[in-house]
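Visitor: Starting off with a structure, shown below.
The values are calculated or read from the model by the stated rules, or taken from the named source; none is laboratory data. What you are looking at is a predicted structure, and each value in this text was computed from that prediction instead of being measured. Glycine also receives a Cβ, built like all others from the backbone with ideal geometry; neighbour counts cover every protein chain displayed.
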Amino acid sequence: MSISARARREAIVTLATTVGLASVDELSERFGVTASTIRRDLASLQEQRKLTRTFGGAMAVAAHPEASLRQRLGEHFDAKRDIARRAAATVAPGASLFLDNGSTVAAFARALPVDTDLTVTTTSVGVITDMADRDDVRLVTLGGEYRALSNGFVGGLTEAALEYLTFDAAYLGADAVSPERGICEADLGQIRLKELIARRAEAVYVLADSSKLEQSEFHAWTRLGGGWTLVTDDGAAPELVERFTAAGITVATA
C-alpha cells in the first residue's frame, strides 16, 4: 500500500541520514513512485533544508558542522606529527608529489626531506606558503574556487588542470576513513577532486589519525580502489587494522 507524500519524505530524510547518499532511481524503486515524484520530494526537502540535492540524488545535511582547517590544526597534534614523519619516509628523491588540503597533510609538507629535488603540486594555500621558499622544490599550484574552510581550491578549474598532470604519489587528507566505504569529506566537490587525483597517481597515501577511522559524520564518500595506503597512528584498533588489510589496503602505523 502506498504511503502519503509526507511519510515518504520523512522516510527519505531518515534513509539519507542513516545510510548516506541516496539516488533518485533507488528511492523511486523503494517507494514505488515515479522518478519525477521523487525529484519533487527532494526539491521540497531541500527547500526545507532537510537534505542537500546532488547530481542524481540527495545527501543528508551534515549533522555536525565542518570544522575549519584552523580549528583542526591543534587537534591530535602528536598523532599528526608522527603520521607526517612516517609518510615523509615514503618519499623518493626526485619524485613528483600531489599534496592535498588538510591539517595532517600540512604537517607532512613541513616534514618533507630537504635537498631531494621534489616536484610538489597542491591545492592547499598552506602548502603553497610552506613550499614557496624551498629551492629544492618545484612548486605547481592548481587554482580554482577558493574554499575558506579547507584553505584550498576546488571546482571545475581545479579538476581541468589535473588533466595535464600525473604524480608518482598523492598524499590525501580525509574527514573519515572506512575499509568498506573509502574516504569521506563534508563536501561533494572535495571528494570528487580526491577521486580524480587518485586516478592520476601511481601511489596513493591517505593520512588520517586514528580518531577518523570508521567515522561517518558526513555523507560524501569515494572508494579509491585497491592498492592505496592508510598512514595512521598507533591508536588504531587492531581489529580495524585487520579490516583495512582484508580490504586490500596497506596500513602503515606511526
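Visitor: Here is a check on your reading of the model: is Thr104 modelled with pLDDT of 95 or more and in contact with a helix residue (DSSP H, G or I) (Cβ under 8 Å, 6 or more places away or on another chain)?
Guide: For Thr104, the condition - modelled with pLDDT of 95 or more and in contact with a helix residue (DSSP H, G or I) (Cβ under 8 Å, 6 or more places away or on another chain) - is not met.
Visitor: Sticking with this one: If you go through segment 170-226 one residue at a time, how many are hydrophobic (A, V, I, L, M, F, W, C) and touching a helix residue (DSSP H, G or I) at 6+ places or on another chain (Cβ under 8 Å)?
Guide: Qualifying residue count, segment 170-226: 17.
Visitor: Does Ala160 satisfy the condition of being under 19 Å from the mean Cα position of the chain (by Cα), part of a loop (DSSP other than H, G, I, E, B) and in the same structural domain as Arg192 (by TED's automatic domain parsing)?
Guide: The answer is no for Ala160.
Visitor: Then there's this: Looking at Phe153, Phe167, can you tell me which residue is modelled with pLDDT of 90 or more, under 19 Å from Ala87 (Cβ atoms), in contact with a Leu (Cβ under 9 Å, 6 or more places away or on another chain) and assigned by TED's automatic domain parsing to the domain that holds Ala107?
Guide: Phe167
Visitor: Is one or more of the residues making up segment 122-142 part of a loop (DSSP other than H, G, I, E, B), touching a residue at least 24 places away in the same chain (Cβ under 8 Å) and touching a helix residue (DSSP H, G or I) at 6+ places or on another chain (Cβ under 8 Å)?
Guide: Yes: one or more hits.
Visitor: Just to be sure I understand the filter: pairs with C-beta atoms under 6 Å, separated by 6 or more residues or on different chains, first member in segment 193-221 and within 21 Å of Glu242 (Cβ to Cβ) and at pLDDT 95 or above, second member among the small types (Gly, Ala, Ser) and in a helix (DSSP H, G or I). Which pairs pass?
Guide: Correct list of pairs: Val204/Ala198; Tyr205/Ala87; Leu207/Ala87.
Visitor: Something else about it: Given the condition in a strand (DSSP E or B), more than 14 Å from Gly189 (Cα to Cα), in contact with a helix residue (DSSP H, G or I) (Cβ under 9 Å, 6 or more places away or on another chain) and of a type in the set (Phe, Trp, Tyr), answer yes or no: does some residue in segment 149-157 qualify?
Guide: no
Visitor: Could you identify the single residue in Val251, Val204, Val241 that is under 19 Å from Phe98 (Cβ atoms) and touching a strand residue (DSSP E or B) at 6+ places or on another chain (Cβ under 7 Å)?
Guide: Criteria check complete, one pass: Val204.
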